[in-house]
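Bear in mind that the values in this text are calculations on the coordinates, not laboratory data. This structure is a prediction, so every number in the text was calculated from the model and none was measured. Cβ atoms come from the backbone with ideal geometry, glycine included; neighbour counts cover every protein chain shown.
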Amino acid sequence: MKAMGSVKDLEVVKKPTRDAMGVGRFHFSDRYSVFDWGAMPDHIEGKGATLCLMGAYCFERLEREGINTHYKGLVTQNGKLVSFEELEQPTCVMEFNLVNVFKPKAYVEDGKLKYDYGMFTSNLRNCLIPLEIIYRNGLPEGSSIFKRLERGLITVEELGLNHYPKPGERLSKPIFDVSTKLEEKDRYVTWEEAQKIAGLTDEGVEEVKAVLLKVDETITRIASKARLENEDGKIELAFDPERRLMVVDVVGTLDECRFTYDGVHVSKEIARQFYRKIDWYRDVEKAKKKAEREGVKNWKKLCQSSPPKLDPALKIIMNEMYMAAANELTGQKLFHAPCLAELIKKYRDYVVQIK
């Protein structure tokens, strides 16, 4: 059985039961998504394989650091399960232990769309935790923190800062953030609300933060070898059948992390910056606000336009950037692409030309 996502497809090899994990496979595609839209009209060539291999490399490093993950290995073209080091050519397929996913029930109250998380108790196990857990080591241009500050959705004090931050600022210690995962539109929540949503104890919240910190530190070390700054990133967690925390989905890729190289974004943030300058992005923002006001579940139905394709010149740069990042982050020449330094120069020249 296969389920199609916005950027990767899930193959269920063996279904999980209440007490035992199943087996799943991610088939990474060249699709990408921005602003919760789902699959965009372009494909980034080679993206699927680069994310698969970067994720596998980072999962194996996390396991060496004693962090529990759902990762089992990579699947070769002849169906063999291998580790990253055993891989002889790129693949788009990753195998992992599969847990249950319990989706909250949506309902409308007083014209507002709300969700019932009543099934998530402190005894639930062998399931996905319905949260995205986020670390922030810096606040680069484009960080959602600035929009939330401007709208009064969060305060400087709640961020643990003693001043109003500036774009490009590095933090003396990471900020830990959290958002919903299984709602129609992801929304940031406080740690207190996150604790209630996921049925976590006080000790459980601290354990989540400890795992997040260790993942952050590990990916930061990996990225630094490629001269990449690990600005921010997200992880997903699950409980295994013994209710032990386990890192799931995928980590350390250009979709899960916001990396910069000499101040330039090396992630799908490049696509976000392109789309923020066009009318479609403004339509998306209006549609999301209207859906929230009117309690509409599918905000995309309210959007007055569809996204155009990327500029072809930018698309070529992004294709090569994903492949170069995979080569340099893993230390293996897996893809034919220029080095990151050359691509950063090419992207800077592109930005100058379109101004």
Per-residue HN-Hα couplings for segment 32-45, Karplus 6.51 cos²θ - 1.76 cosθ + 1.60 at θ = phi - 60°, whole Hz, x for Gly and Pro? 9, 9, 9, 6, 6, 6, x, 4, 8, x, 9, 10, 9, 4
What ³J(HN,Hα) values, in whole Hz, does the Karplus curve 6.51 cos²θ - 1.76 cosθ + 1.60 give for segment 283-291 when θ = phi - 60°, with x put for Gly and Pro? 5, 4, 4, 5, 5, 5, 5, 5, 4
Quick shape summary for segment 142-204, equivalent ellipsoid via Cα gyration tensor, semi-axes whole Å in descending order, reads 23, 15, 10
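Taking only C-alpha pairs under 8 Å that are 6+ residues apart, what is the relative contact order of the chain in percent?
18 percent
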For LEU310, enumerate residues with amide H under 5 Å from its amide H, sequence gap 5+ or separate chain, H modeled in the peptide plane. ASP42
For GLU132, distant residues with modelled amide H under 5 Å away: SER179, THR180, LYS181
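Tally Lys and Arg at +1 and Asp and Glu at -1 over the other residues with C-beta under 14 Å from the C-beta of LEU310: what net charge comes out? Don't skip to the answer; put the middle values down first.
Numbers: positive: ARG31, LYS47, LYS268, ARG272, ARG276, LYS277, LYS309, LYS315; negative: ASP30, ASP42, GLU45, GLU269, ASP311, GLU320.
Taking every other residue near LEU310 into account, the sum is +2.
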Based on the mean of other beta carbon atoms within 10 Å per residue, what is the order of 153-161, 266-274, most packed first? 266-274, 153-161
I'd like to know which of ASN100, VAL178, VAL7 lies farthest towards the positive end of the charge dipole of the chain, counting +1 on Cβ of Lys and Arg and -1 on Cβ of Asp and Glu. VAL7
For segment 156-167, Karplus-derived ³J(HN,Hα) couplings (6.51, -1.76, 1.60; θ = phi - 60°; whole Hz; x for glycine and proline) come out as 4, 5, 5, 7, x, 9, 9, 7, 7, x, 10, x
Dimensionless Rg/Rh of the chain - Kirkwood Rh, Rg from C-alpha atoms: 0.94
In the Gaussian network model of the chain, springs joining C-alpha atoms below 10 Å, which of ALA326, ALA313, ALA49 carries the largest mean-square fluctuation? ALA313
Helix-only [θ]222 nm of the chain, DSSP H runs n ≥ 4, -39500 (n - 2.57) each, per residue, nearest 500: -10500 deg cm²/dmol
Taking THR253, THR180 and counting other C-beta atoms within 10 Å, the order from fewest to most: THR180, THR253
Of 225-236, 165-176, ordering from highest average Cβ density within 10 Å down gives 225-236, 165-176
Too-long pairs where the Cα-Cα distance tops 29 Å, listed order kept, from LYS225/LYS315; LYS47/LYS196; LYS209/LYS315; LYS112/LYS214; LYS268/LYS300; LYS15/LYS268: LYS47/LYS196; LYS209/LYS315; LYS112/LYS214; LYS15/LYS268
Which of the peptides 51-64, 190-203 is most tightly packed, and how do the rest follow, going by the mean number of other Cβ atoms within 10 Å of each residue? 51-64, 190-203
Normalised per residue, the volume of the convex hull around the Cα set of segment 249-352 (Å³): 132 Å³
Only Cα pairs within less than 10 Å get springs; with that Gaussian network setup on the chain, which residue of ASP186, ASP30, ASP255 has the largest fluctuation? ASP186
